[in-house]
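Comments concern the structure below.
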Amino acid sequence: MTADIKDKVDEILISHNYEKKELINIIQEIQKEYRYLPQDILIYIAEKLDISESKIYGVATFYENFSLEAKGKNIIKICDGTACHVRKSVPILNAIYKELGLSDKKHTTDDLLFTVETVSCLGACGLAPVITINDHVHPKMTPELAVELIKNIKKEENVNVDKNI
């Protein structure tokens with residue numbers, strides 16, 4: 001763990017007064033900062049809070065929104081609830097997988113730009129099939145529209161990279 005990362009984690013721990021009861025809030029902030037919960041940071045937190053690593057891992061694995069694996073900058077969620085499924089969400093998922101070189105075993109692109117997740121329901125059944133990208137709802141989705149959205153994000157990312165050069 002680099003000194004910068006250690007400083008950031010210490011800052012988060014200080015903001016919660018090193019309180020064990022703040023563990024969930026602490027790891028929520030860690031995940032917000034790094035988009036997942038890196039193992040070395042969890043071990044460091046356990047040491048600093050004087051709690052067992054198994055306690056932290058128990059919390060991190062109990063709650064579904066915590067991730068122990070690196071996630072991409074852009075989180076794509078494909079609804080596979082009943083309404084979306086019968087309105088052909090699977091071809092949308094397959095088109096996204098193909099466009100990003102992902103599969104049901106590999107969910108995040110190597111460049112950490114995209115993570116694809118399937119979810120049971122996004123609560124927008126009347127708009128089915130639905131996907132979200134970074135929590136922005138895209139209704140009445142088709143495989144072609146999904147690929148177009150991804151291509152636009154890639155273009156935008158390339159423009160931002162070019163501006164930084």
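Quick note: the coordinates plus some simple rules give every number you see, no bench work behind them. Everything quoted here is computed from the prediction, not taken from an experiment. Quick reminder, even Gly has a Cβ in these numbers, built from the backbone with ideal geometry, and neighbours come from all protein chains shown.
Based on the Cα atoms of region 3-62, what semi-axes does the equivalent ellipsoid have, where each is the square root of 5 times one gyration tensor eigenvalue, given in whole Å with the largest first?
Details: eigenvalues 45, 34, 24 Å².
The equivalent ellipsoid of region 3-62 has semi-axes of 15, 13, 11 Å.
Taking the chain on its own, what percent of its Cα-Cα pair distances exceed 20 Å? Each step should come with its number before you reach the end.
Numbers: 7895 of 13530 pairs.
Distances greater than 20 Å cover 58 percent of the Cα pairs.
Got a sec? How would C125, C79 order by Cβ neighbour count within 10 Å, fewest to most? Mind dumping the intermediate values first?
Working: C125 15, C79 28.
So the residues, fewest neighbours to most, are C125, C79.
Return an integer: the convex hull volume of the alpha-carbon atoms of region 61-150, in Å³ per residue. Walk me through the intermediate numbers first.
On the way: hull volume 8.5 nm³, N = 90.
Enclosed volume per residue, from the Cα hull, is 94 Å³.
Please check the chain for the longest run free of GluC sites (Glu not before Pro) that are loop-located per DSSP (anything but H, G, I, E, B) and have at most 13 other Cβ atoms within 10 Å. All intermediate terms of the calculation are to be shown ahead of the outcome.
On the way: sites that count: E19, E64, E69.
Counting only loop sites that pass the neighbour cut-off, the longest clear stretch is 70-165.
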